[in-house]
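These notes concern the structure reproduced below.
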Amino acid sequence: MVKNRPFASFLILQTRRIILALALIHFSLTIKASSLKDTLPPVTKSPENIQPEKAMHQQEPIPAGPIEIDMLLGKIDPANHPDFVMVDERFADKPGMFMRREAYEAFVKMHQAAAADGISLVILSATRTFNDQLRIWNDKWNGRIMLDDNVVAANIDEPFERALELLRFTAMPGTSRHHWGTDIDLNSVSNAYFNRGKGRRVYKWLRENAARFGFCQPYTPWGQGRWAGYEEEKWHWSYKPVAERFLKAFEENINYSHISGFDGWETAKEIRIIRNFVLNVNKECTVGSE
């Protein structure tokens, strides 16, 4: 028995060494696993549960079914229509204006972004009904409101020429994009305002940023994809996701039998008001453009 004692001691020592080695390996693996965990990205939801980030501007669906003729012509009451909301006075220069809900929500986001960049956007005009446009047109036609360059329309005897003078910046009732609740006039109705100082900064911001919120400028200078129609309006901005579909519906459903009931309406067909004015807009505001 005495001769076997060293061997027994050797076995005990080796067993302890093996146990110690296993313990050290386990400890090392634990440390490595912990370190690896710290370098991994955080656990996220499975792809089917992840909600995509909401785009700053999304195409809003047009109301189901065909667009009513009266809606295209502005023969509605926005105050009592479910698709329209009142513009908050803090965004406008006067109370009581309305916009289509989708267009208004997009404008509020654009207003906030502009304010963050030191730009103030003020709505001067939003939805205008047929009757609103009728009052404006007839007052200008009959000389109660002076036109640009101090022109008095009533002094122009020829109806065709008088209508063309009004049509530089004023739509015939039933043909205005403002009827749709998608279009707004901002800050000033003078191009000169947007050519210098504060107005120039506003226009530059709109040209660079408005599209992110779905807005486009329908009346750019002639020669930039427009052969005729209204003169440039740097103040007029349109919510394209809805307005482009209204424009298409107008083209498909409105004819000259619908355009009447105001002074000088007989000139509409001779002037080809639908082709040359209603449909003749900046291509950025038409269906299919980016």
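Given the protein chains as shown and a 1.4 Å probe, how many square angstrom of residue 102 are accessible, to the nearest 10?
Rounded to the nearest 10, that gives 30 Å².
Given a 1.4 Å probe and every protein chain left where it sits, what share in percent of the accessible area of the stretch 78-199 is carbon and sulfur?
Here it works out to 48 percent.
Largest first, how would 70, 117 line up by accessible area (1.4 Å probe)?
The residues order as 117, 70, largest area first.
Report the relative contact order of the stretch 151-253, percent, no decimals, based on alpha-carbon pairs under 8 angstrom and at least 6 residues apart.
Reported relative contact order: 32 percent.
Could you check the spin-label model distance between residue 139 and residue 157? Points 7 Å from the Cα along Cα→Cβ, value in nm.
It is 2.9 nm.
Return the FRET efficiency for the residue pair residue 81, residue 211: r is the Cβ-Cβ distance, R0 is 35 Å, and the value is rounded to the nearest 0.05.
So, using R0 = 35 Å, E works out to roughly 0.80.
So what J values fall out for the stretch 128-141 if you push phi through Karplus, 6.51 cos²θ - 1.76 cosθ + 1.60 with θ = phi - 60°, rounded to Hz, Gly and Pro as x?
In residue order, the calculated couplings are 10, 6, 4, 5, 4, 5, 4, 5, 4, 5, 5, 5, 6, 4 Hz.
Using the C-alpha gyration tensor of the stretch 152-290, what are the square roots of 5 times its eigenvalues, in whole angstrom, with the largest one first?
In descending order the semi-axes read 26, 19, 12 Å.
Under a point spin-label approximation (7 Å from Cα along Cα-to-Cβ), what is the residue 93-residue 116 distance to one decimal in nm?
So the label points at residue 93 and residue 116 sit 2.7 nm apart.
Take the alpha carbon gyration tensor of the stretch 181-220, find the square roots of its eigenvalues, order them as a ≥ b ≥ c, and report rounded if a/c is under 1.5; if not, report prolate when a/b exceeds b/c, else oblate.
Oblate shape, in that a/c is at least 1.5 and b/c is the bigger or equal ratio.
With a ≥ b ≥ c the root eigenvalues of the C-alpha gyration tensor of the stretch 135-233, is it rounded (a/c under 1.5), prolate (a/b larger than b/c) or oblate?
Taking the square roots of the gyration eigenvalues as a ≥ b ≥ c, the stretch 135-233 is prolate.
Express in Å², to the nearest 10, the accessible area of residue 248 obtained by rolling a 1.4 Å probe over the protein heavy atoms while all chains stay in place.
Probe radius 1.4 Å; accessible area of residue 248 about 100 Å².
What FRET efficiency do you get for residue 255 and residue 224 if R0 is 22 Å and r is their Cβ-Cβ distance, rounded to the nearest 0.05?
0.20
What shape does the stretch 176-257 have by the C-alpha gyration tensor, where a ≥ b ≥ c are the square roots of the eigenvalues, rounded means a/c under 1.5, and otherwise prolate means a/b greater than b/c and oblate the rest?
prolate
To the nearest 10 square angstrom, how much accessible area does residue 81 have with a 1.4 angstrom probe?
Only protein atoms counted, so the area is about 50 Å².
Which order do you get for 157, 77 if you rank them by accessible area with a 1.4 Å probe, largest at the top?
Greatest to least solvent exposure: 157, 77.
With the Cα gyration tensor of the stretch 71-188 in hand, convert its eigenvalues to equivalent ellipsoid semi-axes via √(5λ) and list them largest first in whole Å.
30, 18, 11
Over the stretch 183-290, give the accessible area per residue in Å² for a 1.4 Å probe, as an integer.
Value returned for the stretch 183-290: 46 Å² of accessible area per residue.
The values are calculated or read from the model by the stated rules, or taken from the named source; none is laboratory data. This one's a predicted model, so the numbers in the text were calculated from it and none came from an experiment. So basically every Cβ, Gly included, is an ideal-geometry build from the backbone, and we count neighbours across all protein chains shown. For the accessible areas, the whole protein counts, side chains as well, though only heavy atoms, and no ligand, DNA or RNA atoms are used. Shrake-Rupley method; radii C 1.70, N 1.55, O 1.52, S 1.80 Å.
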